[in-house]
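Participant: Supplied in structure tokens, the structure appears directly below.
What follows draws every value from the coordinates through simple rules; no lab data is involved. Just so you know, these numbers come straight off a predicted model, no measurement behind them. With ideal geometry, Cβ positions are generated from the backbone for all residues, glycine too; neighbour counts draw on all protein chains shown.
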Amino acid sequence: VAKSYRLGQLARHVGGAVRGDENKPISGIAPLGDAGPRELSFLTNPKYRDLVRETKAAAVLAPSGSGLEGIDLLEVAEPYLALASLLALFHPPAPRRPGISERAHVGESVTIGTEVSVGPFAVVGDGAVLGKRAVIGAGCVVGEDCRVGEETELKPRVVLYPGTVIGRRCLIHSGVVLGADGFGFATSGDVHHKVPQVGRVVVEDDVEIGANTTVDRAALGETLIGEGSKIDNLVMIAHGVKIGPGTLMAAQAGVAGSTRVGRRTTWAGQSGAAGHLEIGDGAIIAAKSAVLKDLPAGAFVIGIPAVEHGRWKRMRASLNRLPELRQEVRKLRSRLERLEALLEKEEG
Amino acid sequence: VAKSYRLGQLARHVGGAVRGDENKPISGIAPLGDAGPRELSFLTNPKYRDLVRETKAAAVLAPSGSGLEGIDLLEVAEPYLALASLLALFHPPAPRRPGISERAHVGESVTIGTEVSVGPFAVVGDGAVLGKRAVIGAGCVVGEDCRVGEETELKPRVVLYPGTVIGRRCLIHSGVVLGADGFGFATSGDVHHKVPQVGRVVVEDDVEIGANTTVDRAALGETLIGEGSKIDNLVMIAHGVKIGPGTLMAAQAGVAGSTRVGRRTTWAGQSGAAGHLEIGDGAIIAAKSAVLKDLPAGAFVIGIPAVEHGRWKRMRASLNRLPELRQEVRKLRSRLERLEALLEKEEG
Amino acid sequence: VAKSYRLGQLARHVGGAVRGDENKPISGIAPLGDAGPRELSFLTNPKYRDLVRETKAAAVLAPSGSGLEGIDLLEVAEPYLALASLLALFHPPAPRRPGISERAHVGESVTIGTEVSVGPFAVVGDGAVLGKRAVIGAGCVVGEDCRVGEETELKPRVVLYPGTVIGRRCLIHSGVVLGADGFGFATSGDVHHKVPQVGRVVVEDDVEIGANTTVDRAALGETLIGEGSKIDNLVMIAHGVKIGPGTLMAAQAGVAGSTRVGRRTTWAGQSGAAGHLEIGDGAIIAAKSAVLKDLPAGAFVIGIPAVEHGRWKRMRASLNRLPELRQEVRKLRSRLERLEALLEKEEG
């Protein structure tokens, strides 16, 4: 049976205020279009404001001072953050079932903390260290001498190449490969000779990495994913890249080798950066853009190659009016020809 | 030993007509450049029409009224469809070997239909339901409470997160991850707080999903892949996206969160769409394009950002002639200066 | 304990010359910014030349005639190639541990060469052939009738669909899927009918393929990766593509079906090519570019759609100055209007 709360209880849970009936019972959360009369809905994207009028929800979680009317409200300064908290309240994580599956393969000299879980058909290589309450999903391969921090979870079928280090409270999704060889070849004549990739991957605390993303080991030293960074699916982080803490990187983005990315940068989907660059703190890279030069802190860039956002808008506007410009030039030429003819006649 | 058919038999199989020798023996199918004298070749892409003259094939499958000469023909209204049918005739699928591998790990309260196959090192979580003749490949992980429909096949190493639902007759290729957490974080101060992703993924009947593609679970509710859609490799479908039935999506395309895609849309390779959009029925998105706005039904768009195809062509043409336009403007200025000098002299 | 060498020994190992103290002991290799006083550093990218002054390295590997001063040098004609060789010297590969894990699943009629290694939870299908010293990593699935050449290594969790052929000395990284069905559907009315994909994938000798890359089997015949080609992570090679020998393809690139790629081409990150094209030998495709036409040998293209590099630069320069061009046209119009007014007055 789903738990039920009073609207006032939920408001206290998230530090918000009720505008309406504090005693209304709430047994779940749903989007505006789907919510029923015992569910809380939410307005976290202003795009959907018109849907509030039609929702059948019991109440709506909304930003403080929303001005919404005709429905009970739970107002709070940061509604998306409150939504995260309320979803966790209504959907607590499945209970842990610690233990090492008899069908896992655990190597020698492995250090395993208390309440660790290792799923069936997982492999833990010699010398690996698994912190307290770490979860190694079914079918994962944790290479020799890897370290997985406390409370970090590897979903099924993650691969950590030998020597990979992951911090605490990380969440690594299925299909992720950390520590594969960087793409480094010394071409001589007709042959591409492999440059041994002898570095490693280090993932700091509180990082999440999405399904089927790959982070390559450094040629030498470390490829680094900074603390609290969140990386989406199918992203490529090449060898020797340093991602500053608190970075958000959306799906299918890619960063080429040795580029250093500052703190709290934001990368939209399918964006990319060339290698050996410096990307400043807080930089924002728009979707599909390609960064080919260093970026200063706070840059907001877009395009291929990426340029400052304002400049891109001007170029784009000019480009949009280019057919009209061509027509204008044609007209000027006609008028000029008329004048020339006129003057010639006069002269003549 | 390969089976052999008479050309006339093949024509009857696909509802086509022979122009030439109905009794010619055919023991296989091959492209125009590779086919030998007992093989049928095919012209399904007009680009290769010239190769028909040189082919050593016994006969060529071609569109009705092809006008081809000098070789026996099997003409049919839809030759590519007929090719599909003939390939299936010559290459019947390997016989099923139903049974649950002793080396698989099957949880509790799992419902398994007749003639189901579960490969070695596969994991089937508690409460899962596997329909009749479903195939779970080696090393797959089917999470708790997943449902896999009748005759659906998961190739080796697919991961279904808990609660994922797949319809009938689907084909899911290796490395696919369905149901990983959507990329949702509520940023407050310097911290990105995880928004629990408590929805699920639903894949309707007759869907094919290519290798290493990822479809994330919805934050709430469902991420949906509509009936009969075909999705290529390394595609990203984000949380809460709805893909209408009959959609074709080529490799490395991506759709951001909550976007609703209509029926029978077509996405070329490496294309993408932003989140929270409405993409109309039958829309076509060209390769590498980025859809950043809602699209009406029947739209054909291209570019970054994507614009209507005709408009893109005009912009592109103008851009191509931009250097000439600059030169033209320079010339106009010279002529203008000459006139100005002339008039000044007159005035003077 | 790390091995130690004299600088002169290293010079002889790579055929280089010491400028400075031949007897200096070297116990490792590190980048300029990280190296300590017993480590060799290297200058393989001129961008980092200024760091040589500040490095604490014992000596620097540099190009012959580098002109660098103030530090001991190991000069050599091809320093990146020498670096590869020295890294292998200091970091020899882990010793092989041949043997078939008891926890692997090996089918019937499998041919296994001497010193082959098969990891835990790997599956080797009926009729497969594994060459001498081949390594099949943990959790790999090698389909029926596959062939894996001598000294080829599959890292953990690679999938080879049935019939895939891999040459000698290849390195296939985790998550790679070779031989999944090509994306081929014959659409008739509202239904996309599957075109059976009955060809295979052939990978020649000395190829490396990066993590989570996918290469689809041909509809008929072969998808081919030519000898000595190196392919990065998350790349998509579609059905029937032929990649010429010695090609380099960076991360997230994609090639659509049936395109034939010449010898020694270079593909930067996130680039792509449409299907059924001919890409000439030695062609270079810039990052994020989309090749939509055949390319002659030696082409260097960039853009979406990709055009010759010089032309792209001129278009880009014109585009950059487009706002100025618009202003110029406005000015010309004003001057023209002044002349027109003047002449009208005269006439009048």
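Participant: For A:Pro25, which inter-copy label distances result when the label point lies 7 Å beyond Cα on the Cα-to-Cβ vector, reported in nm to one decimal and in ascending order?
Facilitator: When each copy's label point is compared with this one, the spacings are 7.9, 7.9 nm.
Participant: How large is the Kirkwood hydrodynamic radius of chain C, in angstrom, based on all distinct alpha carbon pairs? Kindly include the intermediate steps, with their values, before the conclusion.
Facilitator: Values: mean 1/r = 0.0415 Å⁻¹.
Its Kirkwood hydrodynamic radius stands at 24.1 Å.
Participant: For the protein assembly as shown, give me the percentage of DSSP beta bridges that are antiparallel, rounded to the nearest 5 percent. Working shown, then result.
Facilitator: Values: 33 of 237 bridges.
The antiparallel fraction comes to roughly 15 percent.
Participant: Using a Gaussian network for chain A with springs between C-alpha atoms less than 10 Å apart, which of these wobbles most: A:Gly137, A:Gly70, A:Gly179?
Facilitator: The residue that fluctuates most here is A:Gly70.
Participant: Here's another thing I want to ask about it. Under a straight-distance cross-link criterion of Cα-Cα below 30 Å, which lysines are reachable from B:Lys345, leaving out those fewer than 8 residues away in the same chain?
Facilitator: A:Lys331, A:Lys345, B:Lys331, C:Lys331, C:Lys345
Participant: Put +1 on the Cβ of every Lys and Arg and -1 on every Asp and Glu Cβ in chain C; which of C:Ser334, C:Ala251, C:Val148 then has its Cα farthest towards the positive end of the dipole?
Facilitator: The one lying farthest along the dipole's positive direction is C:Ser334.
Participant: With just the Cα atoms of region C:262-348, tell me how far they stretch along each of the three principal axes, in Å, largest first.
Facilitator: 73, 21, 20
Participant: Arrange the following residues from fewest to most other Cβ atoms within 10 Å of their Cβ: A:Asp216, C:Asp34, C:Asp206. Could the numbers behind the result be given before it?
Facilitator: Details: A:Asp216 31, C:Asp34 14, C:Asp206 23.
Going from sparsest to densest Cβ surroundings: C:Asp34, C:Asp206, A:Asp216.
Participant: Still on this structure: State, as an integer percentage, the relative contact order of chain C based on alpha-carbon contacts under 8 Å between residues 6 or more apart. Let's see the in-between values first.
Facilitator: On the way: 963 pairs, mean separation 21.1, N = 348.
RCO, chain C: 6 percent.
Participant: With +1 assigned to the C-beta of every Lys and Arg and -1 to the C-beta of every Asp and Glu, and no other charges, what is the dipole magnitude of region C:118-224 about the Cα centre in debye, to the nearest 20?
Facilitator: 200 debye
Participant: Lys and Arg at +1, Asp and Glu at -1: add these up for the other residues within a Cβ distance under 10 Å of A:Leu130 and post the number. Intermediate results must be reported in sequence, preceding the final value.
Facilitator: Working: positive: A:Lys132, A:Arg133, A:Arg147; negative: A:Glu150.
Taking every Cβ under 10 Å from that of A:Leu130, the sum is +2.
Participant: Rank the residues C:Thr214, C:Thr111 as a footprinting-exposure proxy: fewest other Cβ atoms within 10 Å of their Cβ go first. Write down the numbers at each step before the final one.
Facilitator: On the way: C:Thr214 30, C:Thr111 11.
In increasing order of surrounding Cβ atoms, one gets C:Thr111, C:Thr214.
Participant: List the distances, in nm to one decimal, from the label point of B:Lys293 to the label points of the same position in every other copy, shortest first, placing each label point 7 Å from Cα along the Cα-to-Cβ direction.
Facilitator: In ascending order, 2.9, 2.9 nm.
Participant: Equivalent ellipsoid semi-axes for region A:172-248, as square roots of 5 times the alpha carbon gyration tensor eigenvalues: give them largest first, rounded to whole Å.
Facilitator: On the way: eigenvalues 131, 33, 16 Å².
In descending order, the three semi-axes are 26, 13, 9 Å.
Participant: While we're here: Using a Gaussian network model on chain A with a 10 Å cutoff between Cα atoms, which of A:Gly199, A:Gly119, A:Gly36 fluctuates the most?
Facilitator: Result for chain A, Cα springs under 10 Å: A:Gly36 fluctuates most.
Participant: What 222 nm value per residue comes from the helices of chain C, counting each DSSP H run with n ≥ 4 as -39,500 (n - 2.57) and dividing by all residues, nearest 500 deg cm²/dmol?
Facilitator: On the way: 5 runs with 62 residues, N = 348.
Roughly -5500 deg cm²/dmol at 222 nm, from the helical runs in chain C.
Participant: Another question, if that's okay. Reachable aspartates and glutamates from B:Lys132, Cα under 12 Å, same-chain residues fewer than 8 places away excluded?
Facilitator: B:Glu115, B:Glu150, B:Glu151, B:Glu153
Participant: Quick check for me: using +1 on Lys/Arg Cβ and -1 on Asp/Glu Cβ, what's the dipole size of chain C about its Cα centre, in debye to the nearest 20?
Facilitator: On the way: 42 positive and 40 negative charges, 156 e Å.
With only Lys, Arg, Asp and Glu charged at Cβ, the dipole is about 740 debye.
Participant: Find how many whole Å separate the alpha carbon centroid of region C:70-142 from the alpha carbon centroid of region B:156-229.
Facilitator: 34 Å
Participant: Another one. Counting Lys and Arg as +1 and Asp and Glu as -1, what is the net charge of the other residues whose Cβ lies under 14 Å from the Cβ of A:Gly210? Each step should come with its number before you reach the end.
Facilitator: On the way: positive: A:Lys155, A:Arg157, A:Lys230, B:Lys194, B:Arg217; negative: A:Glu153, A:Glu208, A:Asp232, B:Asp181, B:Asp216.
That sum, taken over residues with Cβ under 14 Å, equals 0.
Participant: Along Cα→Cβ at 7 Å, what distances in nm separate the B:Arg314 label point from those on the other copies, shortest first?
Facilitator: 2.5, 2.6
Participant: Of the options B:Ala186, B:Val207, B:Ser174, report the single residue whose Cα projects farthest towards the positive end of the charge dipole of region B:154-209 (beta-carbon charges: Lys, Arg +1; Asp, Glu -1).
Facilitator: Most positive-ward Cα: B:Ser174.
Participant: GNM, chain C, Cα, under 10 Å: largest mean-square fluctuation among C:Ala57, C:Ala283, C:Ala274?
Facilitator: Fluctuation is largest for C:Ala57.
Participant: Any idea what log10 I(q)/I(0) is at q = 0.17, 0.25 Å⁻¹ for region B:108-206, Debye with uniform C-alpha scatterers and no solvent?
Facilitator: Listed by q, the Debye log ratios stand at -0.68, -1.31.
Participant: Fewest Cβ neighbours within 10 Å first, please rank C:Phe185, C:Phe121 accordingly.
Facilitator: Working: C:Phe185 18, C:Phe121 30.
Taking fewest neighbouring Cβ atoms as first place, the list is C:Phe185, C:Phe121.
Participant: I'd like to know which of B:Ala94, B:Gly15, B:Ala84 lies farthest towards the positive end of the charge dipole of region B:4-100, counting +1 on Cβ of Lys and Arg and -1 on Cβ of Asp and Glu.
Facilitator: Comparing the listed Cα positions along the dipole, B:Ala94 ranks first.
Participant: Right, here's the next one. Once you have the Kirkwood Rh of region C:1-67 from its Cα pairs, apply Stokes-Einstein at 25 °C and 0.890 mPa s and quote D in µm²/s. Display every interim value, and only then the final one.
Facilitator: Details: Rh = 12.1 Å.
Calculated translational D: 204 µm²/s.
Participant: Restricting to Cα atoms and excluding each atom paired with itself, what does the Kirkwood estimate give for the protein assembly as shown in Å? Don't skip to the answer; put the middle values down first.
Facilitator: Numbers: mean 1/r = 0.0321 Å⁻¹.
Kirkwood radius, the protein assembly as shown: 31.2 Å.
Participant: In the structure displayed, which of B:Lys288/C:Lys230; A:Lys293/B:Lys293; B:Lys155/B:Lys230; B:Lys24/B:Lys56; B:Lys313/C:Lys293; B:Lys3/B:Lys24 lie more than 19 Å apart, Cα to Cα?
Facilitator: Values: B:Lys288/C:Lys230 24 Å; A:Lys293/B:Lys293 28 Å; B:Lys155/B:Lys230 16 Å; B:Lys24/B:Lys56 14 Å; B:Lys313/C:Lys293 16 Å; B:Lys3/B:Lys24 14 Å.
Checking Cα-Cα distances, B:Lys288/C:Lys230; A:Lys293/B:Lys293 exceed 19 Å.
Participant: A further question on this structure: Excluding A:Met236 itself, what net charge comes from residues whose Cβ is under 14 Å from its Cβ, given Lys and Arg +1 and Asp and Glu -1? Write down the numbers at each step before the final one.
Facilitator: Values: positive: A:Arg217, C:Lys288; negative: A:Asp181, A:Asp216, A:Asp232, C:Asp232.
Neighbourhood net charge equals -2.
Participant: Continuing with this model, one more query. Hey, got the Cα dimensions of region B:1-149 along the principal axes, in Å, largest first?
Facilitator: Computed over the Cα atoms, the extents are 65, 31, 25 Å.
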